[in-house]
Amino acid sequence: MQEVRAHVGGRIRLYRKVKHFTLTDLAARIHKSKATLSKYETGEITVDVETLFDIASALGISVQQLIDWRPESAEETAAGEDSFFPQRCTYVYFYDGRVKKIVRNILEISREGGAPTAALYYDLASFDRPEGCRNLYFGKAEFFDTVSNFLFESQSNHSERVTLTALNPFDRSTEVLGMLSGMSRYPLLPISIKCILSSEPLVEDERLQEELILTQKDIKLIRKLNMFAVEQF
């Protein structure tokens, strides 16, 4: 199927770029020509199973990360499996005080092949080009009645872990607050960031910025608990 070939090819291209491999670099590692690899990436030809494993090994990823395609009918069946994440893509925003800007991210969830997995496209210039993310994280997703958890590993530095936790809303809200936690490179510190998860892209205006910046109420709660915590809307 053309759609499957295109999806797998797009995944190969995405992870190749994340690993900073050229077509020539990866082609040499899997013992294929540059032209053949290019046709894999465009979906012009099908990748055989052995080569698929060779590509995954060369990129340092699991085969599952290349074949997480699901037809639209399966997307519809998945709807309602959990209260806030029935859709494949969720838009995640936080405010970075170091550069004083709203940072946009995409949380992509796949339920292909059993246990759900997730990818976090971190710091996007545009939602239209997720392959242009500053960093890519891959990991697992866990859904419970009250909370959804995501545990990621950086695809460029396997020692780096990131967690994303969100309380499931009791109503049919399209937005929910979450906590993104991990290691900051500058400054080199463990950090947690207040973020907003939305089922739809949000207008990046002053209202959104105000909701992302820690409020006096947030700071008061942090001082009271001696823990980094934010309350829901």
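Restricting attention to strands (runs of 3 or more DSSP E) lying wholly within segment 100-200, give those where 2 or more residues are touching a Lys or Arg at 6+ places or on another chain (Cβ under 9 Å) and surrounded by fewer than 17 Cβ atoms within 10 Å (Cβ to Cβ).
Numbers: elements: 101-110, 117-122, 135-143, 147-154, 161-167, 175-185, 188-198.
In segment 100-200, the matching strands (runs of 3 or more DSSP E) lie at 147-154, 175-185.
With respect to the stated conditions, GLU206 fails to be out of contact with any Pro (no Cβ under 8 Å at 6 or more places or on another chain) and in contact (Cβ under 8 Å) with a residue 12 or more places away in the chain.
Considering only residues of segment 184-194 that are of a type in the set (A, V, I, L, M, F, W, C) and in contact with a strand residue (DSSP E or B) (Cβ under 6 Å, 6 or more places away or on another chain), which is farthest from ARG104 (Cα to Cα)?
Let us first name the residues in segment 184-194 that are of a type in the set (A, V, I, L, M, F, W, C), namely 188-189, 191, 193.
Still in the list and also in contact with a strand residue (DSSP E or B) (Cβ under 6 Å, 6 or more places away or on another chain): 191, 193.
Working: ILE191: 18, ILE193: 13 Å.
Per the stated criteria, the residue is ILE191.
Would you say ARG172 is of a type outside the set (S, T, N, Q), closer than 30 Å to LEU59 by Cβ and at pLDDT below 95? So ARG172 does not fit the description; no. For segment 28-55, a residue qualifies if it is buried (at least 19 other Cβ atoms within 10 Å of the Cβ) and under 23 Å from HIS158 (Cα atoms), and the qualifying residues are ILE30, ILE55. Checking each residue in segment 34-52 for being of a type in the set (Gly, Ala, Ser) and part of a helix (DSSP H, G or I) picks out ALA35, SER38. Residues that are of a type in the set (Ser, Thr, Tyr) and not in a helix (DSSP H, G or I) within segment 1-33 comprise THR22, SER33, listed in sequence order.
Please tell me if ILE67 is under 23 Å from the mean Cα position of the chain (by Cα) and modelled with pLDDT of 85 or more. Spelling it out, ILE67 is indeed under 23 Å from the mean Cα position of the chain (by Cα) and modelled with pLDDT of 85 or more.
The values are calculated or read from the model by the stated rules, or taken from the named source; none is laboratory data. Just so we're clear, the structure is a prediction, and the values are computed from it rather than from any experiment. Every residue, glycine among them, receives a Cβ derived from its backbone with ideal geometry; neighbour counts consider all protein chains shown.
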